[in-house]
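Here the structure is laid out as structure tokens; the discussion comes afterwards.
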Amino acid sequence: MPSSYWEERAKQEKAWQLKQLENDSEFGKLLETYYNQAIEDINDSIEKELNRVGKDQVMQMDVKAYETKAKSIVAEAEKMRANGQKVTYADFSDQVNQRLKVYNATMRINRLEHLKSEVGLDMLRAGIKVDSSLRDKLSGDYQKEVIRQAGIMMDSAQRSPWTGKDAAKILMAQTNGATFSQRLWADQDALKAKLDQVLSVGMIQGQNPRKMAVRLREQVKTAVGNQKYVTERLARTESARIQTNVQLESIKKHGYNYVQWIAEPKACPACRAIASRDSGYGEGVYKVAKVPKIPEHPNCRCSISETWVEGKDDNLVGGKQSTRLKMMRRSTHQLKGNDHVPTDLMNQILGSFIRRGGSVQMGKKTDEWLRSQGASASILDSSTILIGTFATEMAVREEAFHANQLKRYDGAPSDEELINMEIEAQIYLLKYAKEHNMSYNEIKELKRNLRYWKRKLADYKGR
């Protein structure tokens, strides 16, 4: 197996790491909107309550307003739960109801307890949104990693990987006795206790309501801001755990016996030491059974990649050989044509790509994978193009153009860059449509695709 291939795989994994860090940042922005809204809601509750200072008794009108607010939050939770098709939300209602029972029991005691219960509802609403979004994110990360590994190994991905028992087992696995959701709600409870303390001290001191509101506002902002960091850390750590589980399952399934540990760009000293350690197989290379766990610590974004150790008889467990390796060995510089593209034309279109070290994959396994993705041709990465036996000339030319586009980027392109790549490709193909003897229907399809991607770009910018 040429070392250049494994060097390229390591580069691809580093680019993938950068993409995950971008995704983490995007999710952090979503969390920020939830927690900023929580800060506003809490401060609004405090303002209303402080305006009633001196009226220690909780009035019937206050109880009614509280009950209305609680019902709206329960309805919101049930709606999210009903829409949750990716993971079983077995404990979602319990988490909400347990807290509501506590708030309902204490809110009639006095004004302070009423305010604590109001703030509890504000935190409950934020917690529901965060829990739902985190479940969706982790389910999506699982799905994308299953598909990515299928592409790397040239295997057929399951159509709905998140509906199986394997997905639920990985997503809802306990780490040190708790699932990610249980940890999230425990963190929310810790924040609620902190806010209760802030409110109790503020009310007991009996300051001017206006001064008290200003001081409490800053303390609430600090406490909730700290919670945002805790949730971001949980999201990154759980995402890394889920993706690594999928990677390892795929690597074992396809018979690889060695993996390379790849440190993230800002890796800690412990992770850098793991990535540079030589256990006798090369720097950062470990047997699958002995590779250090990922995440190594909270916030860890290091990853692993399957690899080959030259001269070892047991590179493939039990003599298995992955489809990817078989196809790598069959890759040739003289491509065969298919039903739509003659041999000479196929080599003319892809010749320069192959001469600069690119690999073109064809055959039964390629066809199976492409059909599972609803495509006739695809780029796996900047150095690998997949061509189906049913691919048209237009499809082959488009993927060759995309492979050339990817050379511009050191890492993985952003979502906006990917959309712009599609627009640029359609414009290029339309420009040379007559020269390449494209049919009326092919030109019509290109124009339709161009309109579609322009709409996608407008929607993306309008978010």
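Which whole-angstrom value gives the distance between the alpha carbon centres of the range 216-260 and the range 398-463?
Here the two parts' Cα centres lie 34 Å apart.
Can you order the peptides 234-242, 412-420 by their average number of other Cβ atoms within 10 Å per residue, highest first? Walk me through the numbers on the way to the answer.
Numbers: 234-242: 21.9, 412-420: 15.1.
The densest-packed peptide leads the list: 234-242, 412-420.
Checking the table Lys19/Lys364; Lys228/Lys293; Lys29/Lys461; Lys137/Lys221; Lys253/Lys287 against a 20 Å threshold on Cα-Cα, which pairs fail? Show your work: numbers first, answer last.
Details: Lys19/Lys364 31 Å; Lys228/Lys293 26 Å; Lys29/Lys461 16 Å; Lys137/Lys221 26 Å; Lys253/Lys287 15 Å.
Those over the limit are Lys19/Lys364; Lys228/Lys293; Lys137/Lys221.
Could you tell me the relative contact order of the range 327-461? Use alpha-carbon pairs under 8 Å, at least six residues apart, and round to a whole percent. The partial results should precede the final answer.
Numbers: 147 pairs, mean separation 24.2, N = 135.
In percent, rounded to a whole number, it is 18.
Quick one: if you take sqrt(5λ) for each eigenvalue of the C-alpha gyration tensor of the range 327-461, what semi-axes come out, biggest first, whole angstrom?
Working: eigenvalues 113, 67, 40 Å².
That gives 24, 18, 14 Å for the three semi-axes.
Go through 364-370, 337-343 and give me the packing order, highest mean Cβ count within 10 Å leading. The partial results should precede the final answer.
On the way: 364-370: 18.1, 337-343: 16.1.
Ranked from most to least packed, the peptides come out as 364-370, 337-343.
Rank these for me by crowding, Phe390, Phe27, going from fewest to most other beta carbons within 10 Å. Show your work: numbers first, answer last.
On the way: Phe390 14, Phe27 20.
In increasing order of surrounding Cβ atoms, one gets Phe390, Phe27.
The numbers here are math on the coordinates, done by the rules we state, and not lab data. All figures in this text were calculated on a predicted structure; none of them were measured in a lab. Counting neighbours? That spans all protein chains shown, and the Cβs are built from the backbone with ideal geometry, glycine included.
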